[in-house]
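The values are calculated or read from the model by the stated rules, or taken from the named source; none is laboratory data. What you see is a predicted model, and the numbers here were worked out from it, not measured in a lab. Every residue, glycine as well, gets a Cβ built from its backbone with ideal geometry; the counts of neighbours run over all protein chains shown.
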Amino acid sequence: MLIASTALILATLAGYTLLCMASPFGTCRKCQGAGAKHTVNRAGKLKKVKPCRRCHGQGKRLRVGRRLHNHSREIHSAGSR
């Protein structure tokens with residue numbers, strides 16, 4: 001039981017690592033990739049009001065795993081100078 005759960009956790013981490021390597025940017029969770037806050041005007045049409053504060057209007061954010069990888073590479077390069 002312990003070996004199976006450990007193997008499942010390792011397989012999940014390996015899959016997430018491959019995902020971060022293949023696609024380092026994910027969709028912003030705050031604006032769902034739209035890049036801006038939307039409101040409905042009086043005519044009933046969607047209108048972009050202002051850029052998303054989290055992704056700065058890009059609609060994409062750096063994944064947590066990729067951010068950890070970049071930070072560890074930065075620490076390694078700073079330590080080996």
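Here are the numbers for the structure shown:
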{"read-out": "Count - residues of the stretch 15-30 that are in a loop (DSSP other than H, G, I, E, B) and touching a strand residue (DSSP E or B) at 6+ places or on another chain (Cβ under 7 Å)", "value": "2"}
{"read-out": "Test: residue in the stretch 17-27 that is surrounded by fewer than 10 Cβ atoms within 10 Å (Cβ to Cβ) and either of a type outside the set (Phe, Trp, Tyr) or touching a helix residue (DSSP H, G or I) at 6+ places or on another chain (Cβ under 6 Å) (or both)", "value": "yes"}
{"read-out": "Selected residue (only one of Gly79, Gly44, Gly35, Gly65 is in contact with a strand residue (DSSP E or B) (Cβ under 7 Å, 6 or more places away or on another chain) and either free of Cβ contacts under 8 Å to residues at least 60 places away in the same chain or of a type in the set (A, V, I, L, M, F, W, C) (or both))", "value": "Gly35"}
{"read-out": "Single unsatisfied condition, Val49 versus (1) of a type in the set (A, V, I, L, M, F, W, C); (2) modelled with pLDDT of 90 or more; (3) in a strand (DSSP E or B)", "value": "(2)"}
{"read-out": "In the stretch 65-81, the residues that are of a type outside the set (Gly, Ala, Ser) and modelled with pLDDT of 90 or more", "value": "Arg66, Arg67, Leu68, His69, Asn70, His71, Arg73, Glu74, Ile75, His76"}
{"read-out": "In the stretch 39-61, residue surrounded by the fewest Cβ atoms within 10 Å (Cβ to Cβ) [restricted to those that are of a type in the set (D, E, K, R) and under 14 Å from Thr27 (Cβ atoms)]", "value": "Arg54"}
